[in-house]
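To keep things clear, I will list the structure first and then write my remarks on it.
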Amino acid sequence: MTYKAEAPSKRTDQVGHKPKRFWTSVEIAATSGGYGVNLDGRPVKTPLGQILVLPNFALAALVGREWETVEDYVDFTSMPLTRLGFAAMDHMESGLDAALAEAARFSETDLVCYPADYPQALIERETAAWQPIIDWSKAELGIEFVQQKSLMHQAQPVATINGVQSLIREVDIYTRAGLLVAIPLLGSVALALALWKGRLSGEAAFDASRIGEAFQMETWGDDAEAVQRAAHMKAQAISLEAWFRALI
């Protein structure tokens, strides 16, 4: 199951409903375990009712900025870092087994492991973007992603799956939340790890994940809906870069 960093569900399933802004001030305050975001002195809480706690002031400030920029109504779709904080606290401990299974599933079907075999121009673009990440992952993380270049499917090495799962298991809940959003967004564990570690920027990671789609658009023309969807996904990738950088 792919986990999505969702907004609170209370009443937001009603068409057109968005919570009305009720606060005038946003403050970052030290709290047990880190820093919280207070609205007129009241702490922001997760959908499951926990007080939102971020691990450092820098990340809390970024989340607080999202609450500061709310106008008349809260639109959680434009608050990706808040949603990541909610996901970290409400799902990343209790959902560890699901996270490990998700990481294994995407490792087996990783985008960078299935390059195109035609046309040559597309092959060259994918090789230029993906091979350095495959090499980096092996050298820096000890995880080898093996590309499938035959018609017969070949499973990824057991060591690859185990290595990915070990990383997911060992990181803190905030990093895990970011990775569990980045992996399905990019369709690639390798690209998500490169984004986490700063090997790729959010924009570069997104572009690397969309080489085939970009090539098709160049060949057949743009589709307005697809362009809008891609812009939203790119914004998500850029917000993930900010999340990971603040966790350093």
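The values are calculated or read from the model by the stated rules, or taken from the named source; none is laboratory data. The structure displayed is predicted, hence computed values, not measured ones. Please note: Cβ atoms are built from the backbone with ideal geometry, for glycine as well, and neighbour counts cover all protein chains shown.
The table that follows gives values for the structure above.
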quantity: Output for region 32-56, where each listed residue is within 21 Å of I248 (Cβ to Cβ) and either in the same structural domain as R176 (by TED's automatic domain parsing) or more than 21 Å from the chain's Cα centre (by Cα) (or both); calculated: G33, G34, Y35, G36, V37
quantity: Filter result for the condition that a residue is surrounded by 13 or more Cβ atoms within 10 Å (Cβ to Cβ) and modelled with pLDDT under 95, over Q147, Q216; calculated: Q216
quantity: Within region 35-77, tally of residues that are part of a helix (DSSP H, G or I), of a type in the set (S, T, N, Q) and at pLDDT 95 or above; calculated: 0
quantity: Residue within region 179-198 that is under 15 Å from L240 (Cβ atoms), of a type outside the set (V, I, T) and touching a strand residue (DSSP E or B) at 6+ places or on another chain (Cβ under 8 Å) present; calculated: no
quantity: Unique residue being more than 26 Å from L81 (Cβ to Cβ) and within 22 Å of the chain's Cα centre (by Cα) when the list is Y114, Y118; calculated: Y114
quantity: Those helices (runs of 4 or more DSSP H) lying entirely in region 170-248 with at least 3 residues over 25 Å from L54 (Cα atoms); calculated: 202-209, 211-220, 224-247
quantity: Test: I161 is more than 18 Å from A205 (Cα to Cα) and either in contact with a helix residue (DSSP H, G or I) (Cβ under 7 Å, 6 or more places away or on another chain) or part of a helix (DSSP H, G or I) (or both); calculated: yes
quantity: Test for S166: is it of a type in the set (S, T, N, Q) and in contact with a helix residue (DSSP H, G or I) (Cβ under 6 Å, 6 or more places away or on another chain); calculated: no
quantity: Enumeration of residues in region 52-75 that are in contact (Cβ under 8 Å) with a residue 40 or more places away in the chain and more than 20 Å from S32 (Cβ to Cβ); calculated: L62, W67, E68, V70, E71, D72, Y73, V74, D75
quantity: Residue count for region 85-126, restricted to those that are within 25 Å of F215 (Cβ to Cβ) and either of a type in the set (A, V, I, L, M, F, W, C) or part of a loop (DSSP other than H, G, I, E, B) (or both); calculated: 15
quantity: Enumeration of residues in region 102-144 that are under 25 Å from A177 (Cα atoms), surrounded by fewer than 16 Cβ atoms within 10 Å (Cβ to Cβ) and of a type in the set (S, T, N, Q); calculated: T109
